[in-house]
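S.K.: Dumping the structure here so I can ask a few things about it.
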Amino acid sequence: AGHGPSSWVGTMAEPDDLYTLRTLFWLGNYQRVPVEASSLNRLPEALRIEVKEFVYRSYIAMGQHSIVLDEIKDAPGTPVSLQAVKLLARYLSDPSSKELVLMTLGEWLADPGSAGNSSLQLIAAVIYMHENNTKDALKTIRHGTTMEQLALNIQIYLKMDRPDLATKQVRLMQQADEDATLTQLSLAWTYLATGGKKLQEAAFIYEELIDKFGPTTSLLNGVAVANMHMGKFDEAEKTLQNALQQGPNDPDTLVNLISCYQHLSKPSELIQRHINQLRSGAPNNPMVQQLNTVEGAFDRVAGTYALN
């Protein structure tokens with residue numbers, strides 16, 4: 001079986017050399033991952049590879065795909081898990097490589113020599129989710145051998161609008177390690193999806209994680225979304241302004257801020273400015289694509305009237 005990209009569910013009681021590294025990544029503190037990695041010495045080979053995985057995945061999350069593509073060699077000696085990370089970088093940075101990436105993934109997942117690698121399974125599921133292919137994403141990580149696979153399972157179920165199935169996965173994570181950062185995050189996601197009284201509990205979890213590890217754009221967005229669902233748009237706006245300082249072009253922050261401004265009836269030019277910022281920084285964002293569709297339809301209708 002392959003190692004990481006997170007602790008094995010069955011070995012959570014062992015001392016964890018990568019605790020800080022994993023936590024930084026999961027909370028979205030990507031800039032600090034390479035710094036933390038450089039302080040980790042004398043690790044066994046399996047953990048050294050896992051450290052590299054998290055470093056390269058952090059560069060991908062920061063949009064620095066070329067570092068990953070340049071540094072991970074296409075050589076027989078390159079571990080499957082790192083080859084999978086390179087495949088993700090290629091997929092995200094070069095739309096024309098999509099067919100080839102999906103074909104390669106299929107081959108690796110069918111090969112008994114690599115199919116059991118949990119990192120490959122995780123990356124495959126991530127790519128399938130980008131393709132909106134929840135069926136294959138679930139199939140790839142259905143056995144949930146790592147905490148990170150369980151967490152991704154939860155995100156897939158929530159995307160499918162099945163908080164009931166997500167909650168079952170959260171229970172598995174709680175049995176493995178109730179206090180793990182990833183367990184807490186997964187619980188917060190599920191509470192947000194469940195709504196109602198659970199929204200305040202979701203906000204508390206995000207706030208506790210911020211108190212413990214410091215603010216990141218992803219945690220601040222979590223608090224803001226909980227507040228927006230509870231109708232506390234003024235509070236949400238303040239939190240999102242903080243998030244914008246952390247990551248000025250973060251698409252999630254911009255999407256949530258645009259929604260917040262609309263609810264607060266802010267001036268249309270302010271809303272439009274943020275829409276333009278989102279458009280230029282994340283042209284493939286679902287909100288941008290939706291806006292393009294709506295505007296395209298509007299232009300087509302306007303065009304037919306102009307012809308009459």
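The values are calculated or read from the model by the stated rules, or taken from the named source; none is laboratory data. The structure displayed is predicted, hence computed values, not measured ones. As a convention, Cβ positions derive from the backbone with ideal geometry for all residues, glycine included, and neighbour counts pool all protein chains shown. Ligands, DNA and RNA are excluded from the accessible area calculation, which covers all protein heavy atoms including side chains. Shrake-Rupley method; radii C 1.70, N 1.55, O 1.52, S 1.80 Å.
Residues are listed down the side, and each one gets a yes or a no for (1) hydroxyl-bearing (Ser, Thr, Tyr); (2) open to solvent by less than 50 Å² (accessible area, probe 1.4 Å); (3) within 21 Å of TYR128 (Cβ to Cβ); (4) not in a loop (DSSP other than H, G, I, E, B):
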position	(1), (2), (3), (4)
VAL33	no, yes, no, yes
TYR56	yes, yes, yes, yes
LEU87	no, yes, yes, yes
GLU99	no, no, yes, yes
MET103	no, no, yes, yes
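S.K.: Please go through the stretch 187-231 and give me each residue that is open to solvent by less than 40 Å² (accessible area, probe 1.4 Å) and part of a loop (DSSP other than H, G, I, E, B), ordered by number.
M.R.: GLY195, GLY214, THR216
S.K.: Can I ask one more? Does LEU158 meet the test of being among the aliphatic types (A, V, I, L, M) and touching a Leu at 6+ places or on another chain (Cβ under 8 Å)?
M.R.: Values: among the aliphatic types (A, V, I, L, M): yes; touching a Leu at 6+ places or on another chain (Cβ under 8 Å): no.
Criteria not met by LEU158.
S.K.: Give the stretch 66-85 a look and list any residue that's open to solvent by 30 Å² or more (accessible area, probe 1.4 Å) and closer than 19 Å to LEU122 by Cβ, or say none.
M.R.: To start, the set of residues in the stretch 66-85 that are open to solvent by 30 Å² or more (accessible area, probe 1.4 Å) comprises 66-67, 69-71, 73-77, 79-80, 83.
Of everything in the stretch 66-85, those that are open to solvent by 30 Å² or more (accessible area, probe 1.4 Å) and closer than 19 Å to LEU122 by Cβ turn out to be PRO79, VAL80, GLN83.
S.K.: Could you please give the count of residues in the stretch 237-249 that are crowded, with 17+ Cβ neighbours inside 10 Å, within 23 Å of PRO283 (Cα to Cα) and modelled with pLDDT of 90 or more?
M.R.: 3
So that you can scan it fast, the table gives a plain yes or no per residue for (1) among the β-branched types (Val, Ile, Thr); (2) over 21 Å from ILE60 (Cβ atoms); (3) free of Cβ contacts under 8 Å to residues at least 24 places away in the same chain; (4) open to solvent by less than 50 Å² (accessible area, probe 1.4 Å):
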site	(1), (2), (3), (4)
ASN117	no, no, no, yes
ALA124	no, no, no, yes
LYS135	no, yes, yes, no
VAL170	yes, yes, yes, yes
ASP177	no, yes, no, yes
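S.K.: Kindly indicate whether GLN184 is touching an Asp or Glu at 6+ places or on another chain (Cβ under 9 Å) and open to solvent by 10 Å² or more (accessible area, probe 1.4 Å).
M.R.: Numbers: touching an Asp or Glu at 6+ places or on another chain (Cβ under 9 Å): yes; open to solvent by 10 Å² or more (accessible area, probe 1.4 Å): yes.
Answer is yes for this residue.
S.K.: For the stretch 170-187, enumerate the residues that are within 16 Å of LYS198 (Cα to Cα) and of a type in the set (Gly, Ala, Ser).
M.R.: SER186
S.K.: Could you say which residue among ASP234, ASP252 is part of a helix (DSSP H, G or I), among the acidic types (Asp, Glu), open to solvent by 20 Å² or more (accessible area, probe 1.4 Å) and under 21 Å from LEU27 (Cβ atoms)?
M.R.: ASP252
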